1. If you project the alpha carbons of region 1-134 onto the principal axes, what extent comes out on each, in Å, largest first?
2. For the full complex of protein chains and a 1.4 angstrom probe, list His52, His449 by accessible area with the highest value first.
3. Per residue, what accessible area does the chain have, given a 1.4 Å probe and all protein chains present, in Å²?
4. Across all directions of projection, what mean area in square nanometres is found for the Cα convex hull of region 80-172?
5. For region 508-601, with equal point scatterers placed on the C-alpha atoms only and solvent neglected, what are the log10 I(q)/I(0) values from the Debye formula at q = 0.12, 0.18, 0.22 1/Å, to two decimals?
6. Using Stokes-Einstein with the Kirkwood hydrodynamic radius over Cα pairs, what translational diffusion coefficient do you get for region 573-658 at 25 °C and a viscosity of 0.890 mPa s, in µm²/s rounded to a whole number?
7. Where in region 512-550 does the label zone of Thr114 land, with the point 7 angstrom along Cα→C-beta and an amide N cut-off under 18 Å?
8. Compute the signed sum of charges (Lys and Arg +1, Asp and Glu -1) over the other residues within less than 12 Å, Cβ to Cβ, of Thr165.
Amino acid sequence: MTANRLAETTSPYLLQHKDNPVHWYPWGPEALQAAQEQDKPILLSVGYAACHWCHVMAHESFEDPDTAEVMNRLFINIKVDREERPDIDQIYMRALHALGEQGGWPLTMFLTSTGEPFWGGTYFPKTAQWGRPSFVQVLESVSNTYKSDRDRIETNRSGLMQAITPKPSDKAEMDVGLILAAGEKMLSLFDPQHGGIRGAPKFPQASVMDLIWRVALRGDNEAAREAFLHTLKQISNGGIYDHLRGGIARYSVDHLWLAPHFEKMLYDNGQYLSQLALAYRATGDTLFRRRIEETADWLIEEMQLEGGAFASSLDADSEGVEGRFYVWSAEEVTEVLGKDDGLIFSRAYDVHPSGNWEGVTILNRLKVGLLPAEEEDYLTGLRAKLLERRRERIRPEQDDKVLADWNALAIIGMARAGASVSRESYIDAAVRAYDFIMQTMCRDDHLAHSWRAGEMIFPGFASDHAAMMEAALTLAEVRPHQAQRFLKDADRLGKALKASYHREQGAYYMTAESAEALIQRPFSIADEAVPNANAQAANAFSRLYAMTGDPQYRQLADDIFVTIAAEVPKNVFATASLLAAFDTRMHGKLVVIVQENDTDPNPFGDLLHAQTDPANAVLIVSQAHDFPADHPAHGKTALERKPTAYVCREGACSAPVQSAEELAVLLST
């Protein structure tokens, strides 16, 4: 076997490193065995394909023969794609945090030969700078300590293992008042001028945004509503948004949303679409509709793969330079558009001869918001010309692996977007992606996490099952004639989650019982850039209970809340999605529309189209006998064969109503 073993993998990130002079192993028993046999420490390097600083460290160190010689002589070197193996990433990132480091990627951890961490960091420069030693100096120092001072290594190892081992909490009741209290605390951190959390860098913070919106609804809180909408407008106008093609980058390095790290992640854009759909329903603002259509079109045309699923990301770099594909000079804008049109475009998109960020221009609309429709239509034509020029550039690489949980977020976003702007093509795209996951990546009701080139990472994680439950329930709402199919899928996935991921203390481990054994079985209730798996499960079980009437799902949701209740007040920011799920459990309603004939005018359509409560669900049925016998809506009928609505909650349904005004009253109580 060759010294570098990554050529045999399918991960685009690992394949980026297959020609390194480093003797990389993928994670697995072969690497751990080699470390034990040679009595060498392990150098674990974790990153992902679109990561800019991962590329920097790769170019500086991993492609350098001299640095590689030191790595190969002193360590067993393991490379991990954090998107393929978030379980490994979570364990060792927690160890880094226990060392007092902020974290980030590339993650560089040093492990004993049995895989237990004893020290680490993130990016290490090739040469000593910024008060940090060079990477080779770090390597030699760690190796010397490992050889000569095992007591110190053991002290570090045992301390880190104790710090990262999850400790069971006492069970407690969740306090519904915590939803508003947490929201108010988060609201105090928002930037009133620029939106988002104050300071830099700025992340979209989708889970926090979701909770802020719910606080606006529950507390009739205009400040929370404005914080949500203003932040979404700033993101949509900022340089973090790709104004020529649609979609947002991962985060902005400044406090203005102007200068992003340019990688475009599927999970960000799926959640962005969901929030745009909600904002458009709430306001009718043309800005939100435009961003929905631009972003959904980009996802379909550039990110949807053959077979229907969505690719994971687009790289930040092209031609070895971050953002080169996306930035402009005033001269090139004028060259493409001509002097007069170039001036019109430059005024709208902040184009200056000196640039607006480190000598180049990042297109944005932060200074000039949405213009009258006629002017915006004219700018659309100018953007199309610049997009054609941009297509001549060398494109960033696409990471085309399919991740089940990230695809679920995109499915939800596309479905909600399609429903909000009445575009069936978006819902069609969501269903295609859903079908790929459920047909290609599912075995005996258990999902794989990752698929690429016919190879799968199986079994998947709790996040895959919980997120795809949410996707199924969303599709049940927007595709009424297929609702029973999607509800059955959600039921199957929920049973798989319970069977293979449930903890004795309650809630859910990240990994399945049958998964490869690691130094510990990961468990977390904290959000990352995506909602925590336990929050997704709690929200899905709460919705599944409402939509099926099956009390086992109410109990499964409540078990999660009781298990984690004592931990949530310790860090409401990191558990925002759990609080949002609790809001669904406490305030969610199911609207059942019994409509015998699809051709009958639906008097509730406009009202439901304007609904902005994410805790609520809507099912349209031909007859309420579609529900199980123990569902409160079972046997409800369309009075006088005309469309009739019922609002159901906690095992009971309202009296029938047949006007939008009456339904609005029921939903407001």
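The values are calculated or read from the model by the stated rules, or taken from the named source; none is laboratory data. In this text, all values refer to a predicted model and were calculated from it rather than measured experimentally. Please note: Cβ atoms are built from the backbone with ideal geometry, for glycine as well, and neighbour counts cover all protein chains shown. What goes into the accessible areas is simple: the full protein's heavy atoms, side chains included, and nothing from ligands, DNA or RNA. Shrake-Rupley method; radii C 1.70, N 1.55, O 1.52, S 1.80 Å.
1. Reported extents, whole Å, longest axis first: 39, 27, 27.
2. On the way: His52 30, His449 0 Å².
The ordering from most to least exposed comes out as His52, His449.
3. Values: 26200 Å² over 669 residues.
Solvent-accessible surface per residue comes out at 39 Å².
4. Values: hull surface 31.3 nm².
Averaged projected hull area, Cα only: 7.8 nm².
5. Log10 of I(q)/I(0), two decimals: -0.47, -0.84, -1.09.
6. Working: Rh = 13.9 Å.
Here the translational diffusion coefficient equals 176 µm²/s.
7. The answer is 517-522, whose backbone nitrogens lie closer than 18 Å to the label point.
8. Details: positive: Arg94, Lys167, Arg521; negative: Glu116.
Computed value for this residue: +2.
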